[in-house]
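Beneath this line is the structure, given in structure tokens, with notes to follow.
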Amino acid sequence: MGSLSNEKVDMEETLSKLPEDPTVNGEKTWRTKSCIPSFGDYHKRPSLLMKGGGELSESFHDRMHVSSRMNRKASVTTCAISKASSQRQRITSYLGLGLTGSDDHSFDSVDLFEVSTTRMQRLVMEMEESLKLISCSASSRELEDWACLIYESMSAPSRTFHSVQHIFDISVGADPICKLAIFFHDIVYFSIDGGFNEKQELLIGDVVEVKNADGKQEIRISDKDFDVNTKMVIDIFGFKPGQLLDPFKGLNEFLSAAACVRCYQGNLQAAQLAQIAACIEATIPFRKFTDDGKSPCDILFESLVFVNVEYNLGLQEADLVEAVQRAADLGNRDLENFSTPEKAVFLSNTWNLLPESNINLRNKSVFRISDYAFALKKMTGFFEFLDPDTIYLSFRNSPRTLAVLEKKRNKAFENVKTALIYMYCKSVSIGVVSAISALSGGDAPLALFLGDLPEPHYVSTSIEDFIEAGDPAEGIIVDHCVFNLLKDGRESESNFDIKNSPLAAYLYSLVGDKGVEEMLVHAVYPMDKDNATKLLRLIPEFALANIVAACAEIAITRAERLDQLMVDLMGWKK
């Protein structure tokens, strides 16, 4: 909600001044139930995504900025007045008053607030608008139930990237079918969320059987006679009853699609449900071509051809091609971050993924050095394995669309390369801290050696008070983009880490790419004393003294042991 106005507002005077066709700084707006245009209208009103009549931005980051700006403009003007007017009408209805009120119940006491939609309101409004655009509808109770399911699922503490905001980020300009899929495409993250929540269990708990065997969790599709729409979803995904589901090959997407179709099935036709499920299937990421040369979209098309006949959907071939192209569009929207033009933004979004798959990082106050090192190891391994050619999908697209996708792939390749170098530098820096910790008493909370994360009303001593990276030394080869990201920071801070990396920047400036490569050999997880000693001996002597002395100033309980550590290390060199 925006800031509260300190001034009382004459409601009659304010409402009388509201124009019939309101404008905001010369740009035409329109009134809906909430007086904020649904993003579903943006594809019909491209002027709303332009600034000063300029061209539409192709940048994901810019689109988010512009859409947020337009949303805010609308809320500060027409919406604030209309919301207050709606509130006034309700009050008069509740109290049985006339529209003008009375001396005893004056509307002079009603403040006019700057109002913007809540996320729940926006979910309801955009679902309702999307349904209308395909000549469907839902009751207020249904819309509320769906919005609550989505909101509760994607607002769990585990969701640091795949949150409700992610829905809005990727839905700008999407068509109604795609948008109806976007609302549900990430509601299930089984391993990250720790299983189903209560609402999910009631809705799709019968779809899978969960067993724990030998310390491992197995999730299989139930071997039972499902309703026709659940069977259709299984066929669209190419799965079978009784099949073991892989969390990296469609588990979450399948369950999200099953939940989505069960919610919509009383309001949409089967052909529409199939196209929505296909959109969610296409969000299974990073799939390679098969040995016989088929792409994920080729396989999806074959599944839709089968489903169209098996369930008598009545779709023509052109409809099926369009359905797969739409699905590919959602898959690409979901991974848009990889082609973000600004590397600092890309890394910020990537960093927000770390706590989702690393429970210990969700509590920023207590995670240990080893927790952070393990999280970095997993993320680095993912990027080493990632083939940028598998990120973006296409299916029988026009040359123009293919050219756009090629630009995205090229940008994704650059971002992945930058991210890897960045993570190697971060891995070396946390490896050094882990080595110092291992040789001075063992693993400990990261804050013991590096200081507390900054808080709004509390700032303590930290490693950057003692260490500052200068320009890379002469003859030291570095990736200057990565060095600047380490020194100056990602776009934003995460909940568990500051945006800049003073220790990593300091080390990188001294040892460069070659030194980082050598040090990575010993920056192992879990850290042991042998690798710890070898790692620290690769650091220039003056830099090692600087780092250990800084740690001794912060980790006061280990100061004497750290002093002795330096004596031992320097004695070896002598």
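The values are calculated or read from the model by the stated rules, or taken from the named source; none is laboratory data. Remember, it's a predicted structure, so these values are computed and weren't measured experimentally. Ideal geometry is used to build each Cβ from the backbone, glycine not excepted, and the neighbour counts take in all protein chains shown. Ligands, DNA and RNA are excluded from the accessible area calculation, which covers all protein heavy atoms including side chains. Shrake-Rupley method; radii C 1.70, N 1.55, O 1.52, S 1.80 Å.
Which count do you get for residues in the stretch 148-172 that are in contact (Cβ under 8 Å) with a residue 60 or more places away in the chain and part of a helix (DSSP H, G or I)? Residues flagged as in contact (Cβ under 8 Å) with a residue 60 or more places away in the chain and part of a helix (DSSP H, G or I) within the stretch 148-172 amount to 5.
Of PHE306, PHE286, PHE301, all but one fail to be under 30 Å from CYS425 (Cα atoms) and either modelled with pLDDT of 95 or more or not acidic (Asp, Glu) (or both); the exception is PHE286. Annotation note: of GLU468, GLU464, GLU414, the sole residue that is over 23 Å from PHE346 (Cβ atoms), part of a helix (DSSP H, G or I) and in contact with a helix residue (DSSP H, G or I) (Cβ under 9 Å, 6 or more places away or on another chain) is GLU464.
I'd like the residue in the stretch 195-244 that is polar (S, T, N, Q) and assigned to a strand (DSSP E or B) and, out of all such residues, is most open to solvent (accessible area, probe 1.4 Å). Going through the qualifying residues, I end up with ASN212. Candidates LYS514, LYS499: the one that is touching a residue at least 40 places away in the same chain (Cβ under 8 Å), closer than 26 Å to ALA344 by Cα and open to solvent by 50 Å² or more (accessible area, probe 1.4 Å) is LYS499. Does HIS480 qualify as being open to solvent by 20 Å² or more (accessible area, probe 1.4 Å) and over 26 Å from PRO540 (Cα atoms)? No: the conditions fail for HIS480. Checking the stated criteria, SER437 turns out to be more than 30 Å from the chain's Cα centre (by Cα), within 13 Å of ILE554 (Cα to Cα) and crowded, with 16+ Cβ neighbours inside 10 Å.
Consider the stretch 354-370 and keep the residues that are in contact with a strand residue (DSSP E or B) (Cβ under 9 Å, 6 or more places away or on another chain) and modelled with pLDDT of 65 or more. The one that is farthest from ARG159 (Cα to Cα) is ILE369. One residue alone among GLU464, GLU474, GLU406 is acidic (Asp, Glu) and at pLDDT 95 or above, and that residue is GLU406. The residues of the stretch 372-412 that are surrounded by fewer than 13 Cβ atoms within 10 Å (Cβ to Cβ) and of a type in the set (Gly, Ala, Ser), listed by number, are GLY381, SER398, ALA403. In summary, ASP452 fulfils each of the numbered conditions (1) within 22 Å of CYS551 (Cβ to Cβ); (2) within 23 Å of the chain's Cα centre (by Cα) with the single exception of condition (2). In the condition set (1) part of a loop (DSSP other than H, G, I, E, B); (2) under 24 Å from LEU536 (Cβ atoms), GLY512 is compliant with all but (1).
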